[in-house]
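Notes follow the structure.
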Amino acid sequence: MSFMQIQDLRVHYPIRGGFFNTIQDHVLAVDGISMEFEEGKTYGLVGESGCGKSTTGKSIIGLEKITSGKIIYEGKDVTNARRQRNSAYNRDIQMIFQDAHSSLNPRKRVSEILAEPLRNFMKLTPDEERRRINELLAIVGMPEDVKLKYPHEFSGGQKQRIGIARAIATNPKLIIADEPVSALDLSVQAQVLNFMKDIQKELGLTYLFISHDLGVVKHMCDEINIMYKGRFVETGTKQDIYSNPEHIYTKRLLSAIPNIEPATRDERKIERQRVEANYQVENKKYFDENGRVFDLRPISDTHQVAMTASEQGGN
Amino acid sequence: MAEKQTVDVEKKTPAASPPTGIQVIAREFAKDKLAMTSLLFLIVLITVIYVWSFLIDQEQLMRISLRDQMAAPGEKYWLGADKGGRDILGQLIIGARNSITIAISVTLITGIIGIAIGLITGYFGGWIDNIFMRIIDFFITIPSLMIIIVFISIVPKYTVVTFVLIMSVFLWVGTARLVRSKALSESRRDYINASKTMGTSDGVIIFKEMMPNLSSILIVEMTLNFAGNVGLETGLSYLGFGLPPSTPSLGTLVAYANDPFILENAWWNWLPASLLILLLMLAINYVGQAIRRSADARQRLG
Amino acid sequence: MNKKLLALLALLMAFMLFLAACNNEESATPDDGENGSETEPGTGGEEGEEGEEPASEELFPTVLENEGDAIEGGTLQAALVNDSPFQGIFSYVLYEDAYDAEIMAFASNIIFDTDGDFLLTNDGIASLEVDGEAKTATITINGDYKWSDGEPLKAEDIIQPYLIIGHPDYSGVRYDADFQNIVGAVEYHDGKADTISGIEKVDDKTVKITFNKVSPAIYSGGDGLWTSAEPSHILKDIPVAELLESDAVRVNPVTLGAFKFDKIVPGESVSLVRNENYWKGQAKLDGVVIETVPSASAAKAMETGEYDIALSFPTSAYENVKDLENVTLLGRQELYYSYLGFKLGKYNYDTSLVETDVEGSKMGDAELRKAMGYALDIEQVSEVFYFGLRERANSLIPPVFASFHDPSLEGYSYDPDMANQILDDAGYEDTDGDGLREDPNGEKLQIMLAAMAGDETQEQVINYYLQNWKEVGLDVQLATGRLIEFNTFYDKVQADDPEIDIFMGAWGTGTNPSPSGLYSKTAVYNFSRYSSDELEGLLQAIDSEEALDAEFRAKKFREWQEYMAEVSAVIPMQFRYELMPVNDRVKNWDYGYDTEFDYIDVELTADAPVK
Amino acid sequence: MWKTVVRRFLVMIPQLFVLSLLIFIMAKFMPGDPFTGLITPETDPARIEELRQKAGFYDPWYIQYINWMGNAFQGDFGRSYTFNQPVANLIGTRALNTFWLSLLSVVLLYLLAIPLGVLAGRYQDTLLDKSIVFYSFIVYAIPTFVLGLISLFFFGYELGWFPTSGTVDINAEAGTFGYVWSKFYHLLLPAMVFAVLGTTGVIQYLRTEIIDSKTMDYVRTARAKGIPNNKVYSRHIFRNSLLPIAAFLGFTITNLLGGSIFIETIFGYQGMGQLFVQAINGRDYSVITTLVMLFGFLTLLGSLLSDIIMSIVDPRIRID
């Protein structure tokens, strides 16, 4: 049973221009998406850069203003409540940032960084606070003596661990991970990802995993949403998406996954060209005359695709 | 459009240099003898001026004594006397105290207002920013020197306090603009977002998270403002819109040079104050330069 | 307020009220012994024309002695010391800026000569005949004179100024009560008449003017009489409203004087050349160039031989020019006195009358007022701060008016013992032991002084006066806590601000010494608000028809001065000198008031100013 | 871009409007009026009252303001009482003088400051650099009028190298080369004082900029390619550091306008700064208001100008 629903979320930015700097149009950064979150699962949000996936994440946690739509958390509408800083909702939803370095205040020691959410959300005694910080450091696998260090004294992976430790400090239910590893070395990426999986199991966390990297998403996620121009083009389980992509955009995305297997190189090249050619030809079938993505339609219990009914049949 | 107008010498200084500000600054001063000397000079000078000025009976000092008119240095007073036969040295001490007090007060008031407004508008953006930017844009239109002069001719009781207030009304704008543009880019950084998601209130974020990261910029800005305010006070006194001469200030002392006779023949009337201003400015600037350097990793000496 | 601007204002109205030290006087060295003489009337000074007056005994020569051989022609370089540009309105009816007057003096349109008391004589271009019975004045042009453009001077030119001043579009201050004294002036001003009925052209050289009343003031150019001519052949075609901007006034004005205008750089400099049509003959100089010079550099400009003479030279720069080898200092007394005024009533603006209330005023006790006068060490201030360029005034008439000034009046002198004595006798005693006197009822006595802000010297002088009063136990404080800027000062003093008990003001008396504008019952400028029947009687006598008899008038003037001294509602403080530094190549220059001097006689003895 | 320029001009209108209202009210609050200075024993108080009445000084301030504004829209900025001229005429000539003074000052300023700034930056921390920095602090600290008076006394009077007051020689014939030269000659000394005093900002800015550029990747690349040091400076560092100097222009203009108040008074140079102080003391409302608005307008213009120049020299910056 899902503990949180997002209904028809929209985030629009005005475009100002013209002589008097009036609102001319809107950028539809997020244009009507709906999601549900169940405990312990990882949800992937995939798309090219600029498609609105980060905005989605930020609007869920309250960093972006929602134009319309609803967020229901444990049966309550928290759409506006999100912005009240120390609400229970904010305690239960946390975020891991892409750039671990910039997400840590350079003027603060690790202990202070970790104490920040604790002080805001949990009324702990200083003693409890110290213990909790030690605990968190233990969880992310760092020695206690780092507490007195400043962020710049750590490597990228370590910083991200601190970021994760901070995110889990308040025992959140949902963690929005906004490209948490894209700024890291490949070797470190795997480490951090595995570590994230470990603590997920340990703490029963739900992840909203935002990434442009389908490989990483495949590794991490149970459910995947493919996003394009602020809308979902396809949602489904990992199997649905990877073995049975329906939407042409998904197919194109999948065909672009890099693979270094030399034996199949030519084959893949042909396949990519085919998908690309197909994309150009069938473009019209998947997007309306304005280039907008159609609404999602279920094609199975778990699998939804954005295309008109007629197209569905014809595929 | 407003950010682009912001032209300041410190444009390049990046915010947030990892080791804490104080340490870097201390290290910088240790490396830079001139800055160290300047800092010590400033501390000693200000202390001496404040302590000494307490020992001077101002009423006694400002008593006209015609016998000592224009006494040359050494005759009766170390630095001679002015037209009223009043000790220049005593006036220099009191004047320096007044001027420094004025400059510090104006710097603090405009600093606090400017920093607060700059941080708040930069952080929140949106309509708050819009409103304040309109106000700031308007203030920028104002030829402030002119309006200050008009203001001064209006106020019925013109004292140090009114002087400070009048100056402050117009001088917070520059700081606010600079701080706003810095805050604008600073508030885009993820640690601010992180704090928001972790339930920290806006006020705490602005003043406890963001401000320390802008501290070097702010210190530099305040030092330069301080130097500028000393200069403004002097200039207004020259034009005759400064403090009344019975309230000595460095400005009124330098303005003695306004009289060509004194300028040519009685250097002790105006030169000590001019030199003091010069030394003060030099010291402040060297200190400011060191702080500025410490804020910029690439320029650091140590 | 900036002292330079004050200097501007001071000179802007050569004849105007002004505060004790709001001009530039400053700085002196105590060892400057050479001016000691002015505090001891009678010690021999230079052979100035007015040497017979003890109080106006001359400190400086007024005539430049120069035995050198003159060169042919040459151009006189004159510095007009002024921190702002001159307005450049070269018309006697329209100008308002004293600097314009300084320039116009070289190219004058004045038709009457004056004597030592500034009274009109018949030796100039025109002569005046007053008929007290018929209340008329007849102006006759004494000969065939020409304007600088060759046009003959005629009766219309005498009438022209009246037509301009009286015109509805005229916007200056000269359309005043005096002018309205001319029969028909009001009707003309209100547009009810095309011309002024009281002014009549008798023939080409004679004009007759009828007045509502005639007083001795007419010989000082008062009562509505106008003393200069305007070129009617040029001005009559220019609407009065456009006159101020017209070329006839700003670019190429014609003149009756020794020089005529050649080139004008607005606000900056003027070049004048010899007027071939001048009635007295040809000027020996080829021309005169007048340039504005900021006051801060005036002395330096004279020292380096940049200029031959300096007009409106700031006396504060005295120290810098007094020892110059290439420059001779000419000096004369100004038509000026400063005074200490006591508020003794209020002005009722509804009835336009002074309402004196001596009893109900804080300063109502004449003994207290006198003691305050004796307590002031004006002698020292004059000598040390103004290097003797000011002196203690004994009366409210400057000594320049030799026939009216009363040199026998003692006035006040610095005498703290006397002040203490008077206060003790009058019951002002220090009853609570704080070193300050209480009033006879034992109440605290705090006197609020309004004084005009000026330069550094002014500030110190006022502080010194406050000190003087404190030394005799009087607690005098500055109203508003500081010196008051010029405009505010007059706003407050004129409005009888209750915060002000006493004030320090000054008047430039102008050439008409009649005191009624400043001390009569109806005068707004009677700032002390003192009036009495006796005073009114004296003032009226001074300006009565009877006083057309000079002797009678002089007598009444003296009686008035004595009465004012006795009442002590106003205590005279200082008279002052003005200076003109002249380069040693200049010959035949005369700075005196009462002389035969004419610009045509000026000569130069070298090709360039002596350095 | 023209659209932006027009829009910026339109935005100025309300700004200037508010400014005019503010200054008008403030000016009216000043004690006294232009006629206060006319009182002498010989002037008739009744006539002065009449003139005040005529000038509308007894109307409520908003009526006076509306009248003033109404006329101002028709190009009539009222009459100066202390100078007895229409304000437009009065300011016209003064504004031109101040313009020439400012122009020459800016040119001299950059001629002086750019080489110094570049040298200081290039030879960072050498004796040369330290001297230049010291110099720049010194001129920053010297009060304008002290330097002004000293140079006037020394160069003007003692050495006689420069004319000591005015804007043009009376004997120069208008329209000739001599006239232009005479004007220029009169400008030179005040402009130089102005320039010297203004150098600090540009030197400091340029110096920091060059020191920064030295460590930039593109400079390193250039060096790595073996480009001679001189060429690195002239081609790469200098050019890039110079661009933002344009940004200083607006700032400089504002400073010049403020400084003109001092310089023009000292050198007896008839410009707007000098006029302003005179107008304040003479309570010449119409002049004060017009001047403040003009200065406000010029300040705005300066900032617009420097934005435009910046957008031209630096393609990364667009103005809109």
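Taking the stretch C:256-325 as the region of interest, the strands (runs of 3 or more DSSP E) fully inside it that hold 2 or more residues being β-branched (Val, Ile, Thr) and either assigned by TED's automatic domain parsing to the domain that holds C:VAL384 or surrounded by fewer than 23 Cβ atoms within 10 Å (Cβ to Cβ) (or both) are C:259-265. Name the residues in the stretch C:501-551 that are assigned to a helix (DSSP H, G or I) and among the hydroxyl-bearing types (Ser, Thr, Tyr), would you? Of everything in the stretch C:501-551, those that are assigned to a helix (DSSP H, G or I) and among the hydroxyl-bearing types (Ser, Thr, Tyr) turn out to be C:SER516, C:TYR519. Does B:ASP296 satisfy the condition of being touching a Ser or Thr at 6+ places or on another chain (Cβ under 7 Å), within 18 Å of D:PHE153 (Cβ to Cβ) and at pLDDT below 80? The answer is no for B:ASP296.
Could you tell me whether A:ASP288 is charged (D, E, K, R) and either open to solvent by 50 Å² or more (accessible area, probe 1.4 Å) or at pLDDT 85 or above (or both)? When the stated conditions are applied, A:ASP288 does not pass them. Considering the conditions (1) open to solvent by 10 Å² or more (accessible area, probe 1.4 Å); (2) within 22 Å of B:GLU186 (Cβ to Cβ); (3) not basic (Lys, Arg), A:ILE96 is excluded by exactly one of them, (1). When you go through (1) in contact with a His (Cβ under 8 Å, 6 or more places away or on another chain); (2) within 14 Å of chain C (Cβ to nearest Cβ); (3) over 30 Å from D:VAL292 (Cα atoms) one by one for D:ALA222, which number turns out not to apply? Unmet for D:ALA222, out of (1) in contact with a His (Cβ under 8 Å, 6 or more places away or on another chain); (2) within 14 Å of chain C (Cβ to nearest Cβ); (3) over 30 Å from D:VAL292 (Cα atoms): (2). Has the stretch D:59-69 got any residue that is within 30 Å of C:GLN180 (Cβ to Cβ) and not in a helix (DSSP H, G or I)? The answer is yes, given that some residue of the stretch D:59-69 is within 30 Å of C:GLN180 (Cβ to Cβ) and not in a helix (DSSP H, G or I). When you look at C:GLU562, is it part of a loop (DSSP other than H, G, I, E, B) and surrounded by fewer than 23 Cβ atoms within 10 Å (Cβ to Cβ), yes or no? Criteria not met by C:GLU562.
Scanning the stretch B:47-73 for residues that are within 22 Å of B:ASN98 (Cβ to Cβ), within 14 Å of another protein chain (Cβ to nearest Cβ) and crowded, with 18+ Cβ neighbours inside 10 Å returns B:MET62, B:ILE64. Scanning the stretch C:442-500 for residues that are more than 13 Å from chain D (Cβ to nearest Cβ), more than 17 Å from C:ILE378 (Cβ to Cβ), part of a helix (DSSP H, G or I) and out of contact with any strand residue (DSSP E or B) (no Cβ under 8 Å at 6 or more places or on another chain) returns C:GLU456, C:GLY481. Residues in the stretch A:111-125 that are within 13 Å of chain B (Cβ to nearest Cβ) and either in a helix (DSSP H, G or I) or surrounded by 14 or more Cβ atoms within 10 Å (Cβ to Cβ) (or both): A:GLU112, A:ILE113, A:LEU114, A:ALA115, A:GLU116, A:PRO117, A:LEU118, A:ARG119, A:ASN120, A:PHE121, A:MET122. Looking only at the stretch C:534-544, decide whether some residue is under 30 Å from C:LEU466 (Cα atoms) and more than 10 Å from chain D (Cβ to nearest Cβ). No, the stretch C:534-544 contains no residue that is under 30 Å from C:LEU466 (Cα atoms) and more than 10 Å from chain D (Cβ to nearest Cβ). Go through the residues of the stretch B:209-225 one by one and say whether even a single one is within 30 Å of B:ILE94 (Cβ to Cβ), within 14 Å of chain C (Cβ to nearest Cβ), in a helix (DSSP H, G or I) and hydroxyl-bearing (Ser, Thr, Tyr). No: the stretch B:209-225 contains no residue that is within 30 Å of B:ILE94 (Cβ to Cβ), within 14 Å of chain C (Cβ to nearest Cβ), in a helix (DSSP H, G or I) and hydroxyl-bearing (Ser, Thr, Tyr).
Return the residues of the stretch A:98-107 that are within 8 Å of chain B (Cβ to nearest Cβ) and either touching a residue at least 24 places away in the same chain (Cβ under 8 Å) or outside any helix (DSSP H, G or I) (or both); say none if nothing qualifies. Result: A:GLN98, A:ASP99, A:SER103, A:LEU104, A:ASN105, A:PRO106, A:ARG107.
Condition check for D:SER303 on (1) farther than 16 Å from D:PHE145 by Cα; (2) open to solvent by less than 10 Å² (accessible area, probe 1.4 Å): one failure, at (2).
Restricting to the stretch B:243-257, what's the tally of residues that are free of Cβ contacts under 8 Å to residues at least 40 places away in the same chain and either outside any helix (DSSP H, G or I) or more than 7 Å from every other protein chain (Cβ to nearest Cβ) (or both)?
Within the stretch B:243-257, residues that are free of Cβ contacts under 8 Å to residues at least 40 places away in the same chain and either outside any helix (DSSP H, G or I) or more than 7 Å from every other protein chain (Cβ to nearest Cβ) (or both) number 2.
Counted as qualifying within the stretch A:126-221 are the helices (runs of 4 or more DSSP H) with 1 or more residues that are within 14 Å of another protein chain (Cβ to nearest Cβ) and of a type in the set (A, V, I, L, M, F, W, C), namely A:126-139, A:156-168.
Within the stretch D:157-180, being open to solvent by less than 60 Å² (accessible area, probe 1.4 Å) and touching a residue at least 12 places away in the same chain (Cβ under 8 Å) holds for D:PHE162, D:PRO163, D:THR164, D:SER165, D:GLY166, D:THR167, D:VAL168. In a residue-by-residue description of the stretch A:239-252, the property of being assigned to a loop (DSSP other than H, G, I, E, B), in contact with a helix residue (DSSP H, G or I) (Cβ under 7 Å, 6 or more places away or on another chain) and touching a residue at least 24 places away in the same chain (Cβ under 8 Å) applies to at least one position.
In this structure, is C:SER338 more than 10 Å from chain D (Cβ to nearest Cβ), within 27 Å of the chain's Cα centre (by Cα), open to solvent by less than 20 Å² (accessible area, probe 1.4 Å) and of a type outside the set (A, V, I, L, M)?
yes
Of everything in the stretch D:25-41 that is in contact with a strand residue (DSSP E or B) (Cβ under 9 Å, 6 or more places away or on another chain) and closer than 21 Å to C:SER352 by Cβ, the residue that is least open to solvent (accessible area, probe 1.4 Å) is D:THR40.
Regarding the stretch D:133-149, can at least one residue be identified that is more than 14 Å from chain B (Cβ to nearest Cβ) and either assigned to a helix (DSSP H, G or I) or open to solvent by 20 Å² or more (accessible area, probe 1.4 Å) (or both)?
No: the stretch D:133-149 contains no residue that is more than 14 Å from chain B (Cβ to nearest Cβ) and either assigned to a helix (DSSP H, G or I) or open to solvent by 20 Å² or more (accessible area, probe 1.4 Å) (or both).
Of the residues making up the stretch A:59-90, just one is basic (Lys, Arg) and facing another protein chain (nearest Cβ under 7 Å), namely A:ARG85. How many of the residues making up the stretch C:217-250 are open to solvent by 40 Å² or more (accessible area, probe 1.4 Å), free of Cβ contacts under 8 Å to residues at least 24 places away in the same chain and within 13 Å of chain D (Cβ to nearest Cβ)? Of the residues in that region, 2 qualify.
The values are calculated or read from the model by the stated rules, or taken from the named source; none is laboratory data. What you are looking at is a predicted structure, and each value in this text was computed from that prediction instead of being measured. No Cβ is skipped: glycine too gets one built from the backbone with ideal geometry, and neighbour counts run over all protein chains shown. Surface areas here come from the heavy atoms of the whole protein model, side chains and all, with no ligands, DNA or RNA. Shrake-Rupley method; radii C 1.70, N 1.55, O 1.52, S 1.80 Å.
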